[in-house]
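Bear in mind that the values in this text are calculations on the coordinates, not laboratory data. Remember, it's a predicted structure, so these values are computed and weren't measured experimentally. So basically every Cβ, Gly included, is an ideal-geometry build from the backbone, and we count neighbours across all protein chains shown.
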Amino acid sequence: MKNKILLILMFFLIVGYSAVAQQVLPLYPDTIPGNLGRLSKEEEPTLTLYLPVKENATGTAVLIIPGGAYGFLAFEEEGIAIGKAFVEKGIAAFVLKYRLPKSETMRDKSFGPLVDAQQAMKVIRVNAVGWNVEPSKVGVIGYSAGGHLASTLGTHFSKSYIPNKENISLRPDFMILVYPVISMKDSLTHIGSKINLLGLDPPLKKVILFSNEVQVTKDTPPTYLTHTGDDGVVDVNNSIVFYRALQKYGVDAELHLFPKGNHGFTQRLPVIEWLNPMLTFLKREGLYEHK
């Protein structure tokens, strides 16, 4: 009987923790920069929060950006599942539902996702104290086209595309890029992602601007990359050229390449196999320490 009561109490504690840990917040308090007209509820950008209890909070936070070729969002498998894994390690996780690029609803669709990613970074840092987050330990993880957006956030932070009179830093303190699209050059890019973001015949200037391997500087954040050699969707050379660019500028970087697994390979692995190497990298960089 006593054991049964304990199990019931544990059940309600777990349910209560889950209810508190997950919150969905609108990304903008009012006007969305560069937006045309009104968005449907399904299109509105949001942040889904997974916050560890104060006793377990490490101060580290990660903005999670799902992929989907800029045409849809793999929100469950590359968003919610990732948030749940990180929060169990004491890392505050924020899953971004960003606006997909659409000329009908954006002045320049190529900047819409970046605007949302910058706003998310600002929201996290503005609320850092209340969420038990250290503003100097806020990073980003992105998958596939979400990896492109994450690497865009990490290489275009010097220019604010959102109102930022408070001058909040929009630079992630680290990047984790998982089978990422990096380049918009035809020789490397995922064509569907490029068309959805830039259109059918974008000017060369914009192709270069969003080819993040040529946007790396010495101030680009420390980066962990992982990919498979047999990726049939996003060429593994996206990760390789980005790693080489990071090396060129003396940026700390770690590259994990696997011979097989194809696109989305981390979704098919036990959590410990993909999460532990990421945490080890963050520990080495002084960005994470489990209590």
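Quick look at the numbers
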item	result
Pairs from 109/206; 102/122; 165/206 whose Cα-Cα separation, in the structure shown, is over 20 Å	102/122; 165/206
Ratio Rg/Rh, restricted to the chain and using Cα atoms, in which Rh is the Kirkwood radius	0.97
Shape call, the stretch 201-252: gyration tensor on alpha carbons, a/c limit 1.5	oblate
Chymotrypsin sites (Phe, Trp or Tyr not before Pro) within the stretch 204-267, DSSP loop, no more than 15 other Cβ atoms inside 10 Å	249
Long-range HN-HN contacts of residue 211 with modeled amide H, under 5 Å	184
Choice from 101, 203, 180 with maximal GNM fluctuation in the chain (Cα, 10 Å cutoff)	203
Choice from 184, 278, 175 with maximal GNM fluctuation in the chain (Cα, 10 Å cutoff)	278
Cβ-defined net charge surrounding residue 149, 14 Å radius [Lys, Arg +1; Asp, Glu -1]	+2
Environment charge at residue 46 (Cβ cut-off 14 Å; Lys +1, Arg +1, Asp -1, Glu -1)	-1
Residue (of 81, 105, 50) at the positive-pole extreme of the chain, dipole from beta-carbon charges	50
In sequence order, calculated HN-Hα J values of the stretch 209-214 (Karplus, 6.51, -1.76, 1.60; Hz; x Gly/Pro)	4, 9, 8, 6, 5, 9
Whole-Hz ³J(HN,Hα) from phi, Karplus 6.51 cos²θ - 1.76 cosθ + 1.60, for the stretch 161-169, glycine and proline x	9, 10, x, 8, 5, 6, 6, 5, 5
The chain - charge dipole about Cα centre, Lys and Arg +1 at Cβ, Asp and Glu -1, debye rounded to 20	400 debye
Value of [θ]222 nm, deg cm²/dmol, for the chain, DSSP H segments ≥ 4, -39500 (n - 2.57) each, nearest 500	-10000 deg cm²/dmol
Relative contact order (percent, whole number), the chain, Cα cutoff 8 Å, 6+ residue spacing	16 percent
Most fluctuating residue given options 170, 279, 51, as computed from a GNM of the chain linking Cα atoms under 10 Å	279
Cα centroid separation, the stretch 230-291 to the stretch 166-199 (Å)	15 Å
Table column - 3J(HN,Hα) (Hz), the stretch 22-31, Karplus curve with 6.51, -1.76, 1.60, x for Gly and Pro	9, 9, 10, 10, x, 6, 10, x, 8, 6
Sequence-distant residues sharing a close amide H with residue 255 (under 5 Å, placed H)	225
Nearest 10 degrees, 0 to 90: helix 112-126 Cα axis against the chain principal axis	40 degrees
Net charge dipole size for the stretch 182-291 [Lys, Arg +1 and Asp, Glu -1 on Cβ; Debye, nearest 20]	140 debye
